[in-house]
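The values are calculated or read from the model by the stated rules, or taken from the named source; none is laboratory data. What you are looking at is a predicted structure, and each value in this text was computed from that prediction instead of being measured. Neighbour counts run over all protein chains shown; Cβ positions are idealised from the backbone, glycine included. Protein only, heavy atoms only, side chains kept; ligands, DNA and RNA dropped before computing areas. Shrake-Rupley method; radii C 1.70, N 1.55, O 1.52, S 1.80 Å.
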Amino acid sequence: MRLPHGWRKRAPALDRTRSTDAPSDVILGELFGTERLARHGRHLARSQRIVQTPRHVAPRGKGPLLSRLAATERVLRAVHRTLAAAAAEGLETSPAGEWLLDNFYVVQEQVQEVRATLPSDYYHQLPKLDGDGPLAGYPRVYEIAIELIAHTDGRLDSSMLELMVAQHQRIAPLTMGELWAMPAMLRMGFLENVRHMALRAAADSEDTRTADAWVTRLLGAEDARGDALSRALTEFINNPPNLNPAFLTRFLQQIRSRRADFTPLLWLEQWIADEVMSIEEAVQRSTQHLAVTQLVMANSIASLRKIGSIDWSEFVEGASLTEAVLRRDPSGVYPGMTFQTRDRYRHVVERIARRTDLSEHGVAEAAIQAAAAAERASGSIAREAHVGYYLMSDGLAALERSLGYRPRLREVLFRAARRKPSAFYLTGLGLLIGGALALLLEPAEGALGYGVLAAVLLALLPATDAAVAAVNQVVTLLLPPDRLPRLAFKDGVPSVHRGVVVVPILLGSVESVEEALDHLEAQYLANRDPQIRFALLGDFVDADAQEVAGDEAIVVAGVEGVRTLNASYAASGTDAPFYFFHRIRQFNAADNRWMGWERKRGKLVQFNKVILGTDEGAFSFIEGEREWLRGVRYVVTLDSDTVLPRDTALALIGTMAHPLNRAEFDERAGRVVKGYGILQPRVSVSLASANGSRFSAIFAGHPGLDPYTTAVSDV
């Protein structure tokens, strides 16, 4: 076709590159089925080479992946601003751009989640890839994540993830740290796709803006007088914009929709078809481009959402070879522990493996073998037959020596402090008291005799108080509290570990009995379990005689109240869970009063004897199924104003029942030498109780400000 006079024929560059966004392009590959994905997982494990870094060499910098995350965040924020500005102008946004605008908060949350779950120290512990490939220096687990994304059409499927990890570990086991890092790596991979699609959406928006600007210019030039149109067309031909499918489709659609009788339209269409591509091809490629961009963006954002819904603790335990070894615990205790306890065991295995030449599952195997040897030697399930004895208790030192573990200096100091706590505590206290006295007595320098003594005595109390507070704070910071291991009892408390919750109380009226039973029922409803029952241990208030008016009514109210509660819950198929124990007054010669023997302490002592069957006459009035009490092993004691939160009784019993916590009584020494006979959990003051009196307001501290604390350190 002949061009208008003055036009020079110049072929434009075809679809200029939109981004050179290293290190990788969009994470998309051939869709694999389960069998091919399994083969690919094994092949990937064989092909990976890991950087061998000496343990004493400290890594520097953030690393390429964390640096990439920061760059990705900057890119996404910039694209979001661009697309938001275009939308505010009324400019048409691509479907992928709309996805980003609608879900940008999701993207921001995922970036912050990666930062929170992948700190720099943790990142540097992950095995890195060696070689000269595009992912050299990146974590091995990141390559696994992006290969999974590439070959599952960019959609997260937990079953496919488990398959690929399992097949990879048939050739090359992953560390616990790598398994826990998998959600962060998947987030990074999907964010990489979002980044690329966002750049495409931004480029599409710019193409739309440019196309609309050229259409407006050409149509305006046709309306103008003279050769304005010829000059505009000449510039378009000689110095064309990026004539990619998105631009061409938008450009021609806008001209046709705004002015179908535009004179040079046929010439432009023919020239574009001759020099670049046909209109049909441009529309087809543009449509395909928009569809792929939208699909990848939608799948990536949907997968980012799904990552948060997966139970990663279950995934890690199911995939971990270390976990599989530890579950062979000869005592059979390990699988029944809480997740938090099992995780602490695994952290010990990780720590030992990092400072020895063994793998994590090799360390776990050594602990299992030690427990198995103890079981064979004892012929029974003893404390030493539990794998935790070698990971959390007295057997740890021997296991570390056998594996050639070399503790860090900090560990050496901490362990020395735990072996000689009094020496370390009192030495630090003495040094701080001396320093505080020196500061306080500096103004008294030069005083003599009684003046010096008086100054020392006056300064000793504030100096000691400050020193004790400082030492306690330092100890708490440097030595975090030990959390006791715990059994989970997911199916409820076993009958061999049954327990009873008791509330010792003074009952002075029928109303006090009703209040006490209402309180007991509330604790039962929060801690319902067939093997946990609830008892009220009552005493009359002190009096001048053994019996006074109103005593009989109190006993009748207690007995009838418990019968009513048991009948009410028995109707729903529950065994009678409530008891009422009550004692008569005895004469106390020291106080010259009639009262319950030894009051609260006496009730608990006598109740324990009732359970053991050695003191049937301690309580004059008993209501409830006595035979069930013969198998009680644990007693949980509450005050009349103490609340037992949901499932707390089960947690307390699960803690006491753990082999490492079970009390071992030495008959010769007359005391518990291992484990615990009494467990005192943290007791916090409720907001209502804190304001009950001026005394409680002074000593309650700041209730409600720290409701999520799970452990408190007692220096």
Practice problem: May I ask you to list the residues in the stretch 72-110 that are in a helix (DSSP H, G or I), open to solvent by less than 20 Å² (accessible area, probe 1.4 Å) and closer than 23 Å to ASP212 by Cβ? | Solution: VAL79, LEU83, ALA86, ALA96, GLY97, LEU100
Quiz item: List pairs: first in the stretch 340-355 and over 10 Å from MET392 (Cα atoms), second crowded, with 18+ Cβ neighbours inside 10 Å and of a type in the set (Phe, Trp, Tyr), Cβ under 6 Å, 6+ apart or cross-chain?
Solution: ILE352/TYR405; ARG355/TYR405
Practice problem: Determine the pairs where a residue that is open to solvent by 10 Å² or more (accessible area, probe 1.4 Å), located within the stretch 141-169, has a partner that is of a type in the set (Ser, Thr, Tyr) and assigned to a loop (DSSP other than H, G, I, E, B) with Cβ atoms under 8 Å apart, the partner being 6 or more residues away or on another chain. | Solution: ILE146/SER24; MET160/THR152
Quiz item: Can you spot a residue in the stretch 297-306 that is open to solvent by 10 Å² or more (accessible area, probe 1.4 Å), over 30 Å from PHE236 (Cβ atoms) and not in a helix (DSSP H, G or I)?
Solution: no
Practice problem: Return yes or no: is ASP518 among the charged types (D, E, K, R), closer than 18 Å to LEU652 by Cβ, free of Cβ contacts under 8 Å to residues at least 24 places away in the same chain and not in a strand (DSSP E or B)? | Solution: no
Quiz prompt | Yes/no for VAL496 being of a type in the set (Val, Ile, Thr), over 30 Å from ALA549 (Cβ atoms) and open to solvent by 80 Å² or more (accessible area, probe 1.4 Å) | solution = yes
Self-check item: Count - residues of the stretch 326-343 that are among the acidic types (Asp, Glu) and either over 14 Å from HIS386 (Cβ atoms) or surrounded by fewer than 21 Cβ atoms within 10 Å (Cβ to Cβ) (or both)
Solution: 1
Quiz item: Quick check, is GLY154 at pLDDT below 90 and either of a type in the set (Phe, Trp, Tyr) or under 30 Å from LEU37 (Cβ atoms) (or both)?
Solution: yes
Self-check item: Odd one out for GLU323, checked against (1) among the charged types (D, E, K, R); (2) open to solvent by less than 10 Å² (accessible area, probe 1.4 Å); (3) under 23 Å from PRO407 (Cβ atoms)
Solution: (3)
Exercise. Considering each residue of the stretch 513-560, count those that are in contact with a His (Cβ under 6 Å, 6 or more places away or on another chain) and basic (Lys, Arg), and give that number.
Key: 0
Practice problem: May I ask you to say which residue of GLN270, GLN284, GLN288, GLN254 is over 20 Å from SER94 (Cβ atoms) and assigned to a helix (DSSP H, G or I)? | Solution: GLN270
Self-check item: Residues located in the stretch 237-264, provided they are out of contact with any Ser or Thr (no Cβ under 9 Å at 6 or more places or on another chain), open to solvent by less than 20 Å² (accessible area, probe 1.4 Å) and within 24 Å of LEU290 (Cβ to Cβ)
Solution: PRO240, LEU243, LEU252, ILE255
Practice problem: Filter the stretch 659-699 down to the residues that are over 26 Å from ARG483 (Cβ atoms) and part of a loop (DSSP other than H, G, I, E, B), then identify the one that is most open to solvent (accessible area, probe 1.4 Å). | Solution: ARG668
Exercise. Among what's in the stretch 631-654 and is small (Gly, Ala, Ser) and more than 16 Å from VAL685 (Cα to Cα), pick the residue that is surrounded by the fewest Cβ atoms within 10 Å (Cβ to Cβ).
Key: GLY631
Exercise. Return the residue satisfying two criteria in turn: it lies in the stretch 308-320 and is of a type in the set (Ser, Thr, Tyr) and surrounded by fewer than 21 Cβ atoms within 10 Å (Cβ to Cβ), and of such residues it is farthest from ARG376 (Cα to Cα).
Key: SER309
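Okay, residues lined up against (1) closer than 23 Å to PRO245 by Cα; (2) modelled with pLDDT of 50 or more; (3) touching a Cys at 6+ places or on another chain (Cβ under 9 Å):
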site: LEU3; (1), (2), (3): yes, no, no
site: LYS9; (1), (2), (3): yes, no, no
site: ALA22; (1), (2), (3): no, no, no
site: VAL26; (1), (2), (3): yes, yes, no
site: GLY33; (1), (2), (3): no, yes, no
site: LEU37; (1), (2), (3): no, yes, no
site: GLN48; (1), (2), (3): no, yes, no
Quiz item: Of these, ALA549, ALA576, ALA545, which one is without any contact (Cβ under 8 Å) to a residue 12 or more places away in the chain, part of a loop (DSSP other than H, G, I, E, B) and either out of contact with any Pro (no Cβ under 8 Å at 6 or more places or on another chain) or open to solvent by 20 Å² or more (accessible area, probe 1.4 Å) (or both)?
Solution: ALA549
Quiz prompt | Residues of the stretch 373-395 that turn out to be open to solvent by less than 40 Å² (accessible area, probe 1.4 Å), assigned to a helix (DSSP H, G or I) and either modelled with pLDDT of 95 or more or not aliphatic (A, V, I, L, M) (or both), as a count | solution = 5
Quiz item: What pairs can you find where one residue is in the stretch 419-437 and assigned to a helix (DSSP H, G or I) and of a type in the set (Phe, Trp, Tyr), the other is at pLDDT below 90 and surrounded by 13 or more Cβ atoms within 10 Å (Cβ to Cβ), and their Cβ atoms are less than 6 Å apart, with a gap of 6+ or different chains?
Solution: PHE424/ALA417
Exercise. Give me the pairs, please: first residue somewhere in the stretch 203-220 and within 18 Å of ALA84 (Cα to Cα), second residue anywhere and crowded, with 18+ Cβ neighbours inside 10 Å and of a type in the set (Lys, Arg), beta-carbon distance under 7 Å, and either six or more positions apart or on two chains.
Key: ASP207/ARG250; THR208/ARG250
